[in-house]
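Step one of this worksheet: look at the structure below.
The values are calculated or read from the model by the stated rules, or taken from the named source; none is laboratory data. Predicted, not measured: the structure shown is a model, and the values here were computed from it. Glycine also receives a Cβ, built like all others from the backbone with ideal geometry; neighbour counts cover every protein chain displayed. For accessibility, only protein heavy atoms count, side chains too; no ligands or nucleic acids. Shrake-Rupley method; radii C 1.70, N 1.55, O 1.52, S 1.80 Å.
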Amino acid sequence: MHNIGQEKRFQIFGHIVMVIITLCAILPLLLLLISSITDNDVLIRNGYSFIPEKISFYAYEYIFTSGNSVVHAYMISIMLTIIGTLLGLTITTLMGYALSKPFLPGRNVLTFIVFFTMLFNGGLVPTYINYSNVFNIKNTFFALLVPSLMMNAFNVLMMKSYFVTGVPDALLEAAYIDGATEFRAFFSVALPLAKPIVATIGLFIGIGYWNDWMNGYIYLTKRTDLYSIQNLLNRMIQNIQFLMQNSSTISNANQGLASIPSVSVRMAMAVVGVLPIIIVYPFIQNNFVKGITLGGVKG
Amino acid sequence: MAKAHYKKKMSPAQRKSLMKRSIPIYIMALPGLIYLFINNYMPMPGIVLAFKNYKAKDGIYGSKWAGFKNFRYLFSTQDAFVITRNTICYNLVFIVVNTFFAVMVAIILSELVAKIKKFYQSVILLPYLLSAVIISYLVFAFLSAENGFVNNTILKAFGVNPISWYQEKKYWPFILVFVNLWKGIGYNCIIYLSTIIGIDRGYYEAASIDGATKWQQISKITLPLLRPTIIMLTLMAVGRIFYSDFGLFYQVPQNSGALFPVTNTIDTYVYRGLLELGDITMSAAAGVYQSLVGFVLVLVANLTVRKLDPDSALF
Amino acid sequence: MRKKILSLLLIAALSLGMTTGLTISASADQLEKADDGTAAQEAAQERIESGDYPTIVMAFMTWAGKLVGTDRISEKISEITREKIGVNVELMPMDSASYAQNMNLILASGEQVDLFNVVTLGMMACVNKGYLLDLEEDDLLATYGQGIIDAFNTVELGGCRVAGTLYGIPVKKDDAAGRFGMSIPVEYLDAIGFDYASMYANEEDEIIYTDFETIEDILGRLHEQYPDKTTFYMDPTSIIGQCLLIDSPNDNFGVLLDPANSLVIEDLFSSDLYMDLCSRMYRWNQNGWISPDAITETNATTTQVKAGSLCAYKTATKPGIRQQESNLCGKPVVIFQLGEDFKASNTYLNMPWAINQNCEDPVAAMQLLNLFYTDPDISTLICWGEEGKEWKETGDGHITFMDGVDAQNSEYYNNVNWQMPNQFIARIWEGDSLDLWERMQAYNDNAVTSKAMGFTFDNSDLAAEYTAMTNVYSEYSHQLELGFLDPEVGIPELVDRLKAAGLEDYMAEKQAQLDAWAEANGVE
């Protein structure tokens, strides 16, 4: 059967392509890792190199013992990601499902209302005033949780599209005939079939929360104990950049560096920032399992 | 898939039952709508800031109108053409390149059998999690004139003279497209992958029995079924065509002046000017400009798509 | 009899002056109505007696955001301010990179911030947006800020005015700067056998005044001696400001080429001065003295020296510079200076302290600010932290780190004393001479000053031109000023593009405003 030969060739081709792409991804990451354990002075003198002249774990020592409390930031990041993803996923899925029902009166209007937010938004200052004055969430955990990240039009429309094409009407009809309410139909029929999209959007929302530093940047001016790990890293890096680029207006810019950690520490923080994802992602991948079509409705 | 068409005229009984069905659905949509209202619609009137002569005492809504004064800086310069061209061209290239590779990787990943595919998938996602500044350091590690990996290792091996990468603008469109692809491929392929996973395996089995080759299966089954997703994502990207990834165009080229003709986009142009001016109305104006253009383009694009392939249209 | 009464009155006035900490000083014309301090005392008494202490929020930027010990220091300062003027203080330090954005948002949203430093926000921008309170309105400064008035001379306060109105109070710092200073570690000079010790004009001098020939000779020898190190580097964002003796009102588009004598605005980029600078740098670059990666350098100068990859760098100079740079480099350095000491017109506008126009209790805010300029204890607290926690006495009048504390683990080491209202009255850190601030004040007063001191340029109608020119300049600046582009080719291109972006209109407007200001203020 020439099918098997062909299949094999495809597999080999696929592996070759993936190996190339993975190498491209992994090389710079390897560089990141290695430079985080390279001695700082060597980094400054010789630049980044795959084979360090001198190894030093100072960066990691600094991170885990310094006053910045990287460990604490980790906890915040993790808590924020879990809570945010659960909440965000819930309202996004419900919304997406609701918009997918063709009989819903005003469905197009609602969809447009959702979509419109993708293209226009009030801007930074009005958003800030809204959350800070009206809702008073500045310098609280809610400031990390609520603005922008919980639900966005992109995710909702993805969900909607999946529900429309991936959940056959026939199955839902079968459930209605059995006397199920809309809620029931959603939970027992639509949701299990939507596992791949739920996992996907959950991943997107989760990554969004994990990566975000913007919310912390503008809303956390007093509560340093609420800094997430990306927030911490980005602040540090931005401060250094600022120093480098603005010494004309500020005298003694160099003095500021005495209190900011060095190059190797920045690298180490970046490594530390991606570590949990490396650990967690394989588990989520298990959910990318084909939805099994329940017996009874085929063709 | 046939859409149910509901006639406008319904009997009272039908209308009642429709309402009964719809109420739970509205309830489901409620949390989302509340969130959208709080997060997006409440601040939206603030868009007028772009048209105002802002004074702190009067606040956003009390300040006097300024007409289009705050928009002038986006158009009145010779650079307006360069920055607009850069922004649009890069985005178009990104759409094509990223979609092609994301779909390809998704298809491959879905077809691979070996367990190692999980490893591939995890690794290629990681670049997405790195912040722009870290990426700029990594790029610098490769492209540095003195110590860079490319100059010292690769070019030396071929006996080519070292190149001052950050001062030669001709390489940068390729570099930026590559970096953008590198960063996004792991993330972008996920949505296609999950769509493919949802395709009924039965189709492939039937095709295989009929003697279809792998490529035929992909092109006749997988791709057409991916089309709605591809179109939707492209439409959304079109809506953001006047925006650019600030980190990519400002940090990665290390703000090197020699590269401006190919790295200056609307966002970086605005940032450079407003860094000193600190004018919140001007940056609001830039935002309105970008949104408006994107909005118009998406409407046009969506209408076109609706004519050709109604199921794939966004709305 | 009359004479006796008169002399009695005089004595009474003098003694009253002494009990309220006043001295009769020569203040600027507009501040003639020197108050005798009773209103201030009354206001403070009222607050103290009522027991209802308002909290004044004080915002400024630091390099590492909110320091761990901030709340503690706020409380320690409050202990003193409660007693003296009946207010509580809340310090609000923010990250340097986000300071401007955070402050803009805070000010736009009406959140409470009473006193803040204007650094990175742009004085003109703040005035245009209406963020700042006119400090002389209702004689606020004269009545409640007498200590501030005394701390400054007419030039200093006058230099902080925007179109005649006083919106901010400058900080006490090095206002003048020596142009084109060079810092080279001692060990490198010794290695090439350069005899710097004999070049000092006087024994106690810390700076060697020399010329380019000598410097270029040194650099050449350094390059030979250390081929693996970068010979010279300068931070590209501060080149024009620190190397050239010009005055740039608001920005470099249209400058005073002879600021001590002339009020004519000219184009810097077409000038010989700029061509000389760029040609020199081009030559240095061709000689291999500048690293090919200079434009994309991500490490600061002193960091590079500390790591051993750099031999010499440019720095502005001032009293105490030698100690400062030696500390930062981790090794002793020698400071050379090629230009003159000069005080630019924007020196008092870079980082003044201002009061939010939204402030609920401007009297309390002004009194607090006044206290910061006069009270050594709270000044030391805000600059250096708490005794026994952050610092301790050294026994010879200096202070230094508390045992077990250093720059990295200190709970309050803000490194931004130049931003604090009055570091001159705070304690002196180990390593600096005890008379540093006297010398600094003398240095400030004696430096060549720009004729345009006190002039501010309002470019809000030319924002489009400004944005365009900034982008054009950014494109060429690093390349020309670090010697990567041949100035014979690059400068004409730059000038053409600037002109196309609106340079001539911009300069004309600047000249017009300058002339109007000169006439209004009686400056020739």
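Over chain C, what is the relative contact order in whole percent, taking alpha-carbon pairs under 8 Å and six or more residues apart?
Values: 872 pairs, mean separation 117.3, N = 524.
Computed over chain C, the figure is 22 percent.
Given springs between every Cα pair under 10 Å in a Gaussian network model of chain A, which of A:76, A:34, A:113 has the largest fluctuation?
Per the Cα network of chain A with a 10 Å cutoff, A:113 tops the list.
Give, ordered by residue number, each residue of segment B:192-215 whose 1.4 Å probe accessible area is reduced by a minimum of 50 Å² on adding the remaining protein chains to the chain alone.
Buried by 50 Å² or more upon assembly, which counts only protein chains, are B:194, B:197, B:214.
Give me the accessible area per residue for chain A, probe 1.4 Å, as a whole number in Å².
41
Please check: in the Gaussian network model of chain A (C-alpha springs, under 10 Å), which one of A:245, A:11, A:230 has the largest mean-square fluctuation.
Ranking A:245, A:11, A:230 by mean-square fluctuation puts A:11 first.
Enumerate the lysines that residue C:66 could reach by cross-link, defined here as Cα to Cα under 25 Å, with residues fewer than 8 away along the same chain left out.
Qualifying lysines at Cα under 25 Å: A:138, A:222, C:76, C:172, C:173, C:389, C:392.
Percent of accessible area on segment A:68-260 owned by carbon and sulfur, 1.4 Å probe?
65
Only Cα pairs within less than 10 Å get springs; with that Gaussian network setup on chain A, which residue of A:181, A:224, A:85 has the largest fluctuation?
The residue with the greatest mean-square fluctuation here is A:181.
Straight-line reach from residue B:214: which aspartates and glutamates fall under 13 Å, measuring Cα to Cα and dropping same-chain residues less than 8 apart?
A:7, B:111, B:205
Summing Lys, Arg as +1 and Asp, Glu as -1, what charge do residues with Cβ under 14 Å from the Cβ of residue A:274 carry, residue A:274 excluded?
Neighbour charge sum, excluding residue A:274 itself: +2.
Other chains near C:83-91: what is the mean number of their Cβ atoms within 10 Å of each residue's Cβ?
Going residue by residue through C:83-91 and averaging, the value is 0.
Within 10 Å of each Cβ of C:337-346, how many other protein chain Cβ atoms are there on average?
0
Tally up the carbon and sulfur contribution to the accessible surface of segment B:10-54 as a whole percent, 1.4 Å probe, everything protein left in place.
Percent of accessible area from carbon and sulfur atoms in segment B:10-54: 75.
In whole percent, what relative contact order does chain A give with Cα contacts below 8 Å and a gap of six or more residues?
On the way: 272 pairs, mean separation 79.6, N = 299.
Contact order relative to length: 27 percent.
With a point put 7 Å past each Cα toward its Cβ, work out how far residue C:42 is from residue A:34 in nm, to one decimal.
In this crude label model, residue C:42 to residue A:34 measures out at 7.6 nm.
Tell me the relative contact order for segment B:1-117 as a rounded percent, counting alpha carbon contacts under 8 Å between residues six or more apart.
Computed over segment B:1-117, the figure is 11 percent.
With just the Cα atoms of segment B:50-312, tell me how far they stretch along each of the three principal axes, in Å, largest first.
Over segment B:50-312, Cα extents along the principal axes are 73, 56, 30 Å.
If you count, for every residue in C:57-63, the Cβ atoms of partner chains within 10 Å of its Cβ, what is the mean?
On the way: counts 0, 0, 1, 0, 4, 3, 12.
Whole-number average of other-chain Cβ neighbours for C:57-63 is 3.
To the nearest 100 Å², how much accessible surface do chains C and B hide from each other in total, with a 1.4 Å probe?
2900
Whole number in Å², please: accessible area per residue of segment B:50-312, 1.4 Å probe, ligands, DNA and RNA not counted.
Counting only protein heavy atoms, the per-residue value for segment B:50-312 is 42 Å².
Threshold 30 Å², probe 1.4 Å: give the residues of segment C:104-138, in number order, that are less accessible with all protein chains present than with their chain alone.
C:105, C:108, C:109, C:111, C:120, C:128, C:129
Can you list the lysines whose alpha carbon sits under 28 Å from that of residue B:169, skipping same-chain ones fewer than 8 residues off?
Correct list for residue B:169: B:156, B:183, C:229, C:499.
Going by amide H atoms built from the backbone, whose H comes under 5 Å of the H on residue C:333, apart from near neighbours?
For residue C:333, the qualifying residues are C:186, C:326.
Leaving out ligands and nucleic acids, and using a 1.4 Å probe, what accessible area per residue does chain C come to in Å²?
Value returned for chain C: 38 Å² of accessible area per residue.
Tell me: how much accessible area in total is hidden between C and A, 1.4 Å probe, Å², nearest 100? Display every interim value, and only then the final one.
Values: alone 23330 and 18770 Å², together 38130 Å².
The contact between A and C buries close to 4000 Å².
If I take R0 = 30 Å and measure r between the Cβ atoms of residue C:496 and residue B:163 in this structure, what FRET efficiency does the formula 1/(1 + (r/R0)^6) give, to the nearest 0.05?
0.60
Roughly how many percent of the accessible protein surface of chain C is carbon and sulfur, given a 1.4 Å probe and a whole-percent answer?
Using a 1.4 Å probe with all protein chains present, chain C comes out at 49 percent carbon and sulfur.
What does the buried accessible surface come to for B and A, summed over both chains, with the probe at 1.4 Å? Round to 100 Å².
9300
Search the structure for amide H atoms under 5 Å from the amide H of residue C:429, placed 1.01 Å from N in the peptide plane, and list their residues when 5 or more places away or on another chain.
C:399
Around residue A:132, what is the net charge, scoring Lys/Arg as +1 and Asp/Glu as -1 over all other residues with Cβ under 15 Å from its Cβ? Could the numbers behind the result be given before it?
On the way: positive: A:138, A:222, A:223; negative: C:111.
For residues surrounding residue A:132, the net value is +2.
Compute accessible area for segment C:408-437 by itself and then with all protein chains, 1.4 Å probe, and report residues whose area falls by 30 Å² or more.
C:408, C:415, C:418
Please list, in chain and number order, the residues 5+ apart from residue C:94 or on another chain whose amide H is under 5 Å from its amide H, with Hs placed from the backbone.
C:60, C:61, C:62
So how do C:55-68, C:434-447 stack up, highest first, on mean other-Cβ count within 10 Å? All intermediate terms of the calculation are to be shown ahead of the outcome.
Working: C:55-68: 22.4, C:434-447: 15.7.
Per-residue Cβ counts within 10 Å, averaged per peptide and sorted highest first, yield C:55-68, C:434-447.
Quick one: net charge around residue C:171, please, counting Lys, Arg +1 and Asp, Glu -1 for every other residue with C-beta under 15 Å from its C-beta.
Values: positive: C:172, C:173, C:318, C:343; negative: C:156, C:174, C:175.
With Lys, Arg at +1 and Asp, Glu at -1, the net is +1.
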